[in-house]
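Reviewing the structure listed below.
The values are calculated or read from the model by the stated rules, or taken from the named source; none is laboratory data. All of these numbers come straight from a predicted model, not from anything done at the bench. When we count neighbours, we look across all protein chains shown, and the Cβ atoms used for this are built from the backbone with ideal geometry, even at glycine. Remember, those area values only see protein heavy atoms, side chains included, never the ligands or the DNA or RNA. Shrake-Rupley method; radii C 1.70, N 1.55, O 1.52, S 1.80 Å.
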Amino acid sequence: MKKDHIIIIRLSAMGDVAMTVPVVDALARKYPNLRISVLSRPFARAFFQFMPKNVDFIDADLKGEHKGAKGLKRLYGRVFAKQPSAVADLHNVLRTKVIRTGLFLSGVKTAHINKHKSGKRRLCRKQNKVMVQQPTSFQNYIDVFSKLGYPITPDFKTIFHNGENLLSSLPTAIGEKHEGELWIGIAPFAAHGGKMYPKEKMEEVVRMLVEKQPQLRLFFFGGGKEEKAILNQWAKKYARCTCASEVLRGLNEELILMSHLDTMVSMDSANMHLASLVDTRVVSIWGATHPYCGFLGWGQSVDDVIQNHNLTCRPCSVFGNKPCHRGDFACMQTIEPKQIVQVVLKS
């Protein structure tokens, strides 16, 4: 008998795709006879390589082979050739709407995400904000599978189920974790200014942590050329600090190192979600955005969220990509380094 085959589409940024992992994992484990294909950008393959055997991955090369109208046609043809019985559109943008509509017209059952945009607009508007927790991305994804007839209750812990995260597989610059050492990661950057803690203040966090904890090692994460330059400067200036992104060879190795950290310090950014996928505690710093928008990392505690609760202008943006109403980014500027250090070291 032919197996049911569901194709899951999420083509967006790293953090959004990472948030699908606990849900896809739950789907695969509850329905072992269901064939599951995840359609996403090539970087996301690392998230799914240790999934149950009924999960496979399809690359969407949106900057090359699948760019533009002709590329979208090729991508649709590739998906159609898989002969899916259902499509879960977890992105719901023009490109994915075209794919799912074509499949729907061919008789394939489809469902798409509800992003609850109206609730988020009320949360982020300038006046008369409605401060209500919106459904999380995880719940929104779960709802899509329920519509397709696959209810699930995720109990995900880590992508590394069977010891695939050996420190010995990493470059020698990382080394072993000795008894009594505290390993902390710091990912100080974000895609938008409204989500990034000032780098001068974050350097003060680094200085304070190094001075307070002689058994501490700090690992810095950041991918761009300018970001690495800053992180390398910090690594040279402060003892027991390593720019992890300089020595590691790709996303899989970053995930392995993150799984051995005691804590990750991150913005409301992809690194919060990466650390969450390997069961690592995250102290997350929020400025223009807010956990009420539904993007707190999987399994993370609100007790480890650092934010200014006294600013009535927060949140002003779902994604942190809008100009500051005040012009001074007080949401970040008013958070003191000592506050972050206290939360990081509280456990």
Exercise for the section: Can you send over the solvent-accessible area of Lys177, 1.4 Å probe, protein chains only, in Å² to the nearest 10? Expected result: 70 Å²
Completion exercise
Hydrodynamic radius by Kirkwood for segment 51-206, inverse mean 1/r across distinct Cα pairs, in Å, is 20.5 Å
Practice task
Please count, across segment 96-151, the pairs of lysine residues with Cα atoms under 30 Å apart that sit 8 or more places apart or on different chains.
Solution key: 16
Practice task
Report, by chain and number, residues whose modeled amide H sits under 5 Å from the one on Val87, excluding near sequence neighbours (fewer than 5 apart, same chain).
Solution key: Ile7, Lys109, Thr110, Ala111
Practice task
Only Cα pairs under 8 Å and at least 6 apart count here; give the relative contact order of segment 30-153 as a rounded whole percent.
Solution key: 17 percent
Completion exercise
A student applying the Cα gyration tensor rule (rounded when a/c is under 1.5; otherwise prolate if a/b is larger than b/c, oblate if not) would label segment 289-340 oblate
Exercise for the section: Normalising by the residue count of segment 3-49, find the relative contact order in percent from Cα pairs under 8 Å and 6+ residues apart. Expected result: 57 percent
Fill in the blank from the handout: Length-normalised contact order of the chain, Cα under 8 Å, at least 6 apart, in percent, tallies to 17 percent
Exercise for the section: Along Cα→Cβ, 7 Å out, is where each label goes; now give me the distance between the ones at Ala81 and Lys201 in nm to one decimal. Expected result: 5.1 nm
Fill in the blank from the handout: As straight-line cross-link partners of Lys177, the qualifying lysines (C-alpha separation under 24 Å, not fewer than 8 residues apart within one chain) are Lys157, Lys212, Lys228, Lys236, Lys237, Lys346
Exercise for the section: Report the accessible area of Lys97, computed with a 1.4 Å probe over the heavy atoms of all protein chains in place, in Å² rounded to the nearest 10. Expected result: 90 Å²
Completion exercise
Per the 1/(1 + (r/R0)^6) rule, R0 = 45 Å and r from the Cβ atoms of Thr172 and Ser106, FRET efficiency to 0.05 is 0.25
Practice task
Please list the non-local residues whose amide H lies under 5 Å from the amide H of Val282, H modeled 1.01 Å from N, same-chain partners needing a gap of 5 or more.
Solution key: Met264, Ser301
Problem - With every protein chain in place, segment 61-127: carbon and sulfur % of accessible area (1.4 Å) - result: 53 percent
Practice task
Please work out how much length the chain gains when fully extended from Gln49 to Asn128, using 0.36 nm per residue of separation minus the C-alpha to C-alpha distance, in nm with one decimal.
Solution key: 23.9 nm
Fill in the blank from the handout: With every protein chain in place, the accessible area of Asp303 for a 1.4 Å probe, in Å² rounded to the nearest 10, comes to 110 Å²
Handout entry: Heavy-atom accessible area per residue - the chain, 1.4 Å, Å²
Key = 47 Å²
Exercise for the section: Report, in whole Å, the centroid distance computed from the Cα atoms of segment 19-71 and segment 89-132. Expected result: 19 Å
Problem - Label selected from (i) 26.4, 105; (ii) 19.9, 73; (iii) 20.9, 64, the criterion being Rg and Dmax of the Cα atoms in Å as computed here - result: (iii)
Exercise for the section: Determine the shape class of segment 189-283: with a ≥ b ≥ c the square roots of the Cα gyration tensor eigenvalues, call it rounded for a/c under 1.5, and otherwise prolate if a/b is greater than b/c, oblate otherwise. Expected result: rounded
